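Below is one structure, written out as structure tokens; comments come after it.
The values are calculated or read from the model by the stated rules, or taken from the named source; none is laboratory data. Nothing here was measured: the structure is a model prediction, and the numbers come from that model. Backbone-built Cβ (ideal geometry, glycine too); neighbour counts: all protein chains shown.
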Amino acid sequence: MKRFFICTFLAIISLLSVPGLNAAKITAETVGSRINITIDGRFFTSYIFSQDEKYPFFFPVNGPATGASVTSMRNGEYPHHSSLFFGCDMVNGGNYWQEGLERGRIISVNARILKQGGDTVIITDECIWSRPGALSPVKDSRKYIITAPSPLKYQIDVEIVMDMLMDVRILKTNHSLFSVRMAPDLSVKSGGTMINAEGMKGEKETFGKNSAWMDYYGKRGETTEGICIMQHPSNPWYPSPWFTRDYGFMSPTPMYWPENGKDIFLKQGSRLKLLYRVIVHSGSVSDADIKGEFEKYRNF
């Protein structure tokens, strides 16, 4: 009998070690103009692509420990910050970032769930950059791969391919590309931490500095939660400098620091591919081993 229990125990241990056996179950469902994603039955985030929005975005982006969003959705001072989003100002005279739909919009035309269930959700979308009285300068294709490497880490792999429908000129702007607006309670102003790959902290040390990744996290009671954005080494301008704010904003972008002080010019027919990894995590930058996670990503 003793031998039977030992064998049973070893068999259970062996099963638990099988890759993927204990992976999180991730599901997605389209409800109106949003796609809702759950991880092991807990709501994680929504991909929102409503026709009355400036651009598609993710909100909320809930932390794995508290279930509260690590991002925020606009405020009176910065109504153009919509959680986790992608856009750009100063594009051929259009504004595809700040409020005002007549100034320019990034319109989702084909958001769909490519895969759901199992340990992965894949969402794809096609978007047209449009404004009244002007030809569309850009169309883009997006892919979002959502996984949960551990119960305390949720991950979104982002691929955005921009196709230039005409010659595109982007003037110097701080409103550009992939960005996150933090929940107020996690901001540096509220006692949180913003830190880059070189260990520099806060707006004063990180603003305009080139870095492969940036992590932003803070305390919620006895729990620490945050979000990290990584740039893939294959990206143009890698590693881009960061536009950072202690009130809770970060974005890797070259548009505020154009090379040689010149506007960024992209020829008609050219293609710009941008890859990012977002890790929503419990714990600090060291607890979440963000450095180790980036080493995995750079070979992804």
Residue list for the range 228-268, filter: at pLDDT 95 or above and among the acidic types (Asp, Glu): Asp246
For the structure I just gave you, tell me whether Thr224 is polar (S, T, N, Q) and under 20 Å from Tyr297 (Cβ atoms). no
One residue from Thr66, Thr71, Thr38, Thr30 being surrounded by 23 or more Cβ atoms within 10 Å (Cβ to Cβ) and β-branched (Val, Ile, Thr): Thr71
Do you know which residues across the range 96-131 are touching a residue at least 60 places away in the same chain (Cβ under 8 Å) and more than 21 Å from Ser46 (Cβ to Cβ)? Gln98
For the range 111-161, give me every one of the strands (runs of 3 or more DSSP E) that falls completely inside it and has 2 or more residues that are under 22 Å from Val70 (Cβ atoms). 121-130, 138-150
What are the residues in the range 159-181 that are of a type in the set (A, V, I, L, M, F, W, C) and either without any contact (Cβ under 8 Å) to a residue 24 or more places away in the chain or under 23 Å from Trp257 (Cα atoms) (or both), if any? Ile160, Val161, Met162, Met164, Val168, Ile170, Leu171, Leu177, Phe178, Val180
Verdict on Thr224 being hydroxyl-bearing (Ser, Thr, Tyr) and crowded, with 20+ Cβ neighbours inside 10 Å: yes
Quick one: how many residues across the range 245-300 are in a loop (DSSP other than H, G, I, E, B), hydrophobic (A, V, I, L, M, F, W, C) and closer than 23 Å to Trp97 by Cα? 2
Among (1) touching a Lys or Arg at 6+ places or on another chain (Cβ under 7 Å); (2) within 13 Å of Asn210 (Cβ to Cβ) - the single one Asp246 does not satisfy: (2)
